[in-house]
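Accompanying notes for the structure given below.
The values are calculated or read from the model by the stated rules, or taken from the named source; none is laboratory data. It should be emphasised that the depicted structure is a prediction, and the values quoted were computed from it without experimental measurement. Here the Cβ positions follow ideal geometry from the backbone for every residue, glycine too, while neighbour counts run over all protein chains shown. Calculation scope for accessible area: heavy atoms of the full protein, side chains included, ligands and nucleic acids excluded. Shrake-Rupley method; radii C 1.70, N 1.55, O 1.52, S 1.80 Å.
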Amino acid sequence: KCRAKGFTYKLAEDTSGDGKKLIGVVWMTATMRRNFELFGGYISLDMMKRGLNTLLWPYCAVTMYDEHMKICVACEGILCGERHDTYKFIAKFLSESAPGRPLEEVSIVAGDGFFDQETIAEFGFVNARFITDRWHLLDSGLCKMFGDRAYGLLQGHLKRMVEATTEKDFEDILCLAKELLGAQPQRDMQMEKDLEDFASCRHSFADYLIAQIPGNLHRRGSSISESNHSSTIAHLNDGNKQGNNFCEHPIILIRELLTRQRKHSAEMNQILFGDGHKMRFVLANLEQQPLTAATQDLKKAALVLNLPTYERYQSANESTHLFRVDNQYVADQASPSPQFCTAVHSTLSNEPPRIFPNEMSRCDCSERLANEDMCTHEILAKGGFDRKFFKARHFARDCVSGSTTGCTDAQLRPLMALMPFLDTSQKTYIPVVFPLKVMGVAKSLVMLT
């Protein structure tokens, strides 16, 4: 317990038969829990069907982007297959093991064609938007959806619909696609229905709609899951990402996966140490600058923000001269009792101003929505840096840390102490006492968490 504080796990069991049959296990370390609390606004769900263990159970993980847009994991495990009930099991485990971020506070769930909006809501992500993975969609998803003939005819239109940056562009391309189908010598009603169905799911793939989701991080799918799979394969195969020669007893695989997490934490600590050094240099440099309002504002930001967020803030701050602020702007000129608000106007174009009715109003520009920090418009409207407009993931941290929020003593038990002995020849589980050799592996697992 003292070596694995915050570590928790859950066994997946099939109770449909006469007795219980173990069909998988997922786990979460204290570091993973803190990852989810910080970066769990945008998560990716996927399973890797490589033969990494002697049961051939897929590896699964809930993956996210950290402040450097690198891999971080909320939980991982091995389960008997990619099924609706196994994903639901993962979501429930995540909810129970990391109450510091309820599933209702997840904004985006990305995945491949296995999921849709209704599915993720059933899993508990009731306020999240589903985003289908862009690579899978363009590589094979559209062809499966429309069939070879329709896909060959509409391929260019479908890709442009996916990449549409405005609603008008999307509707114009959709109209052209409909005209193309209508001009065919023999009208195919199934093709037209498939096109309508595709257009009705635009919220999961169209660029212009994804850009409107807070916390989208300028990402368009679940590529972080593929990166995590590649990292896992490389770790298990001594750095080789091209193929897999690892296929071991599940207990050995779990040990190696926990070793990978420890290694990843050590690498991240080096990055965070370097970030801290760079931020100290930034502050020292600002101390040498003339004592202006802009310099003071940057110092306030540099004292608390992490390096990537500070660099975005600094870049946004440098663009403030391209805009002007009107604190007496009236948005509704026809109102009998006009209300004054703050408006930020561009000095380079005639685009509509960004309106801020009150001090807590947020900007809806794509840059602000992507990272949920302060954009140039907000810096001007709010009068500079204000930490209440940033999230926990934006602030500096000295090192990778853990969280025990929601943990109970019962959840801190070593994983292998209750894990049944695996009879790999039968591909079933028999609840017997662990052999000493297996218990030796179990001891290593506790030390690595």
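In the list I131, I78, I173, which residue meets the criterion of being over 30 Å from M28 (Cα atoms) and either open to solvent by 60 Å² or more (accessible area, probe 1.4 Å) or touching a helix residue (DSSP H, G or I) at 6+ places or on another chain (Cβ under 7 Å) (or both)? Only one candidate qualifies: I173. Of all residues in region 81-107, those being assigned to a loop (DSSP other than H, G, I, E, B) and touching a helix residue (DSSP H, G or I) at 6+ places or on another chain (Cβ under 8 Å) number 4. Selection of region 81-96 for residues being of a type in the set (K, R) and either at pLDDT below 95 or farther than 21 Å from T29 by Cβ (or both) yields R83, K88. Within region 245-259, residues that are under 13 Å from W27 (Cα atoms) sit with their Cβ atoms under 8 Å from residues that are of a type in the set (D, E), at 6+ positions apart or across chains, in these pairs: L257/E76.
Tell me, which residue of region 141-154 that is of a type outside the set (A, V, I, L, M, F, W, C) and open to solvent by less than 40 Å² (accessible area, probe 1.4 Å) is nearest to the chain's Cα centre (by Cα)? Looking at residues that are of a type outside the set (A, V, I, L, M, F, W, C) and open to solvent by less than 40 Å² (accessible area, probe 1.4 Å), I get G141. Checking region 41-54 against the condition returns a match, with at least one residue being in a loop (DSSP other than H, G, I, E, B), open to solvent by 10 Å² or more (accessible area, probe 1.4 Å) and among the charged types (D, E, K, R). Any chance region 115-128 includes a residue that's closer than 29 Å to T54 by Cβ, among the polar types (S, T, N, Q), part of a helix (DSSP H, G or I) and open to solvent by less than 40 Å² (accessible area, probe 1.4 Å)? No, every residue in region 115-128 fails to be closer than 29 Å to T54 by Cβ, among the polar types (S, T, N, Q), part of a helix (DSSP H, G or I) and open to solvent by less than 40 Å² (accessible area, probe 1.4 Å). Being without any contact (Cβ under 8 Å) to a residue 24 or more places away in the chain and crowded, with 18+ Cβ neighbours inside 10 Å, is that true of even one residue in region 161-169? No, region 161-169 contains no residue that is without any contact (Cβ under 8 Å) to a residue 24 or more places away in the chain and crowded, with 18+ Cβ neighbours inside 10 Å. Taking the criterion of being open to solvent by 20 Å² or more (accessible area, probe 1.4 Å) and touching a His at 6+ places or on another chain (Cβ under 9 Å), the only residue of region 210-223 that qualifies is A211. Based on this model, can you work out whether G6 counts as closer than 30 Å to S204 by Cα, among the small types (G, A, S), touching a residue at least 12 places away in the same chain (Cβ under 8 Å) and out of contact with any His (no Cβ under 8 Å at 6 or more places or on another chain)? No.
Selection of region 174-195 for residues being among the acidic types (D, E) and part of a helix (DSSP H, G or I) yields E179, E192, D194. Taking (1) loosely packed, with under 15 Cβ neighbours inside 10 Å; (2) under 23 Å from R393 (Cβ atoms); (3) not acidic (D, E) in turn, Q288 satisfies each apart from (2).
The set of residues in region 370-386 that are open to solvent by 20 Å² or more (accessible area, probe 1.4 Å) and within 23 Å of G40 (Cβ to Cβ) contains only E372. Tally the residues that are open to solvent by 20 Å² or more (accessible area, probe 1.4 Å), within 19 Å of the chain's Cα centre (by Cα) and under 17 Å from L258 (Cα atoms), restricting the search to region 9-40. Result for region 9-40: 2.
Filtered by the rule that a residue be more than 24 Å from C399 (Cβ to Cβ) and open to solvent by less than 80 Å² (accessible area, probe 1.4 Å), region 291-313 gives T292, A294, T295, Q296, D297, L298. Counting the residues of region 227-243 that are charged (D, E, K, R) and modelled with pLDDT of 95 or more gives 0. M279 passes every criterion in (1) under 24 Å from the mean Cα position of the chain (by Cα); (2) closer than 15 Å to H68 by Cα; (3) crowded, with 18+ Cβ neighbours inside 10 Å apart from (1). Scanning region 237-269 for residues that are of a type in the set (S, T, N, Q), open to solvent by less than 40 Å² (accessible area, probe 1.4 Å) and under 21 Å from the mean Cα position of the chain (by Cα) gives Q261, S265. With respect to K88, is the statement that it is basic (K, R), without any contact (Cβ under 8 Å) to a residue 60 or more places away in the chain and at negative phi true? Yes, satisfied. Among the residues examined, H321 qualifies as more than 30 Å from the chain's Cα centre (by Cα) and surrounded by fewer than 17 Cβ atoms within 10 Å (Cβ to Cβ). Could you tell me whether region 8-17 includes any residue that is among the charged types (D, E, K, R) and in contact with a Gly (Cβ under 7 Å, 6 or more places away or on another chain)? Looking through region 8-17, none of the residues is among the charged types (D, E, K, R) and in contact with a Gly (Cβ under 7 Å, 6 or more places away or on another chain).
Cβ-Cβ distances below 7 Å connect the following pairs, each with a first residue in region 344-363 that is closer than 14 Å to C375 by Cβ and of a type in the set (A, V, I, L, M, F, W, C), a second residue that is open to solvent by less than 50 Å² (accessible area, probe 1.4 Å) and in a loop (DSSP other than H, G, I, E, B), and a separation of six or more residues or different chains: V344/P353; C363/C375. Restricting attention to region 329-354, the residues being of a type in the set (A, V, I, L, M), modelled with pLDDT of 90 or more and open to solvent by 60 Å² or more (accessible area, probe 1.4 Å) number 1.
Residues in region 196-227 that are in a loop (DSSP other than H, G, I, E, B) and small (G, A, S): A206, A211, G215, G221, S222.
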